[in-house]
């Protein structure tokens with residue numbers, strides 16, 4: 001890979017298929033033009049690409065291309081330039097790419113028309129440069145078996161790709177969102193062939209396909225079963241994640257814990273901050289490390305009792321919290337949930353269909369900030385001079 005390569009400004013979207021799994025919705029509409037909350041799914045992707053700094057989009061079309069062309073035109077209404085390559089409806093993804101090769105930049109960004117994932121192009125690009133590969137695909141870790149895995153990755157490299165999803169021990173899902181050097185397309189034959197089946201194994205054989213691995217769930221228009229989840233995600237209900245000790249209540253000295261409900265002391269203004277957030281429609285989620293359980297200084301029943309007291313007192317204030325997530329493990333246990341690891345944030349993401357790139361995590365120390373960064377959240381830290389209530393009053397229309 002050339003060392004002076006620049007971050008892509010062109011995104012290429014594969015949008016030519018019939019979408020047979022979504023019939024009868026796709027009898028008269030291309031799959032990406034199905035509306036979610038009043039606008040086509042494809043519009044969410046185009047807006048995301050624009051917001052990530054892309055300037056040009058090339059749409060590879062086949063089925064009912066005029067529906068997409070008539071709606072998006074040249075793209076100026078979305079603040080970028082949209083171009084099209086239309087080929088036969090029976091063309092596979094590899095052939096669509098080859099036919100459009102003359103329109104591609106030396107390095108371009110490729111995605112499917114039916115998957116949405118909260119990307120961070122800056123982070124993805126940095127890894128791509130660090131790995132020095134010719135292509136990088138985004139891989140959902142799939143620990144929750146959200147979909148059937150189609151690849152095996154190790155150390156940020158794809159080591160096996162199985163489009164049939166039949167091989168054992170696969171551990172990830174290719175969701176698209178790929179960075180590709182145009183020169184790699186020389187590995188594609190001039191036949192009507194699937195892109196992933198032809199290109200990715202050839203790159204793997206040469207050690208040139210890296211994996212940008214994520215725990216953040218992707219959302220899809222690929223089937224009727226996924227539509228309701230995607231609708232819930234794209235509704236984009238406001239949400240905020242809060243640490244507990246030091247943010248909502250008085251923090252015990254280092255090495256000590258709030259062991260029972262009698263030791264829980266609200267910080268000034270904390271309940272009012274929650275009330276204000278709930279009044280604006282926020283989902284409020286608590287995540288906290290509680291190693292006192294593993295150390296035998298309290299039980300999970302004690303912790304639940306503390307949470308009950310919190311809910312009771314908030315109820316008296318006509319407000320509430322939506323969920324509590326906690327890590328009961330010792331810091332030496334090597335779990336995935338103890339902050340600064342982001343496990344609890346991803347658990348909340350999946351259960352509430354959050355877009356973590358649009359969600360703030362408010363904590364009180366560096367571990368909270370590190371967990372937020374690892375999860376792709378925005379972060380804010382309270383301090384003796386900057387309370388949760390002050391943050392909410394100052395930023396609640398932005399958070």
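We did not get these values from a lab; they are worked out from the coordinates using the rules stated. Keep in mind that this is a model prediction, so the values were computed, not measured. Here the Cβ is made from the backbone with ideal geometry for all residues, glycine too, and neighbour counts use every protein chain on show.
General remarks:
- Crossing angle, helix 224-234 versus the chain [Cα axis fit, 0-90 degrees, rounded to tens]: 60
- Label positions at residue 120 and residue 191, each projected 7 Å from the Cα along the C-beta direction, are separated by 4.2 nm.
- Computing FRET efficiency as 1/(1 + (r/R0)^6) for residue 76 and residue 365, where r is the C-beta to C-beta distance and R0 is 45 Å, gives about 0.45.
- If the convex hull is drawn through the Cα atoms of the stretch 16-134, its volume per residue in Å³: 122
- Residue with peak Gaussian network fluctuation, the chain [Cα springs, cutoff 10 Å], from 51, 174, 83: 51
- Principal axis dimensions, the chain - Cα atoms, whole angstrom, descending: 73, 42, 40
- Put simply, the C-alpha atoms of the stretch 239-395 give a gyration tensor, and the ellipsoid matching it has half-axes of 21, 19, 15 Å, longest first.
- Length gained when the stretch residue 330-residue 272 is fully extended (0.36 nm per residue, less Cα-Cα span): 17.6 nm
- Each principal axis of the Cα cloud of the stretch 298-390 was taken in turn, and the coordinate range along them, longest first, works out to 36, 33, 31 Å.
- DSSP bridge pairs, the chain: antiparallel proportion in percent, nearest 5: 35
- Mean-square fluctuations from a GNM of the chain, with a 10 angstrom spring cutoff on Cα atoms, peak among 279, 211, 11 at 279.
- On the beta carbon distance between residue 322 and residue 263, with R0 = 22 Å, the FRET formula returns roughly 0.40.
- Fluctuation leader among 330, 102, 224 - the chain, Gaussian network, Cα springs under 10 angstrom: 102
- Scoring 109-119, 31-41 by mean Cβ neighbours within 10 Å over their residues and listing the highest first yields 109-119, 31-41.
- Between residue 374 and residue 224, the simple spin-label model (points 7 angstrom out along Cα→Cβ) gives 4.1 nm.
- Nearest-0.05 FRET efficiency for residue 171 and residue 394, computed from C-beta distance (R0 35 Å): 0.20
- Per-residue [θ]222 nm for the chain (sum of -39500 (n - 2.57) over DSSP H runs n ≥ 4, rounded to 500): -8500 deg cm²/dmol
- Segment residue 127-residue 102, length gained on full extension (0.36 nm per residue, minus Cα span): 6.3 nm
- Taking other Cβ atoms within 10 Å as a rough exposure proxy, 392, 158 sort from fewest to most as 392, 158.
- Contour excess over end-to-end distance, with Cα ends at residue 18 and residue 145 and 0.36 nm allotted per residue: 43.1 nm
- Spherically averaged projected area of the convex hull of Cα atoms, the stretch 78-138: 5.7 nm².
- The mean of 1/r over all pairs of different alpha-carbon atoms in the stretch 309-350, once inverted, gives a Kirkwood hydrodynamic radius of 12.1 Å.
- Overall, the ratio between the Cα radius of gyration of the stretch 10-234 and 2.2 N^0.38 Å, rounded to two decimals, is 0.96.
- Between residue 235 and residue 164, the modelled label-to-label distance comes to 4.1 nm, taking each label 7 Å out from Cα in the direction of the beta carbon.
- Compared with the dominant principal axis of the Cα atoms in the chain, helix 121-131 is inclined by about 70°.
- For the stretch 132-253, the C-alpha radius of gyration divided by 2.2 N^0.38 Å, with N the number of residues, is 1.38.
- Cα-based radius of gyration of the stretch 145-213 once divided by 2.2 N^0.38 Å, which approximates compact folds: 1.09
- On Cα atoms only, tilt of 41-51 relative to the major axis of the chain in degrees: 80
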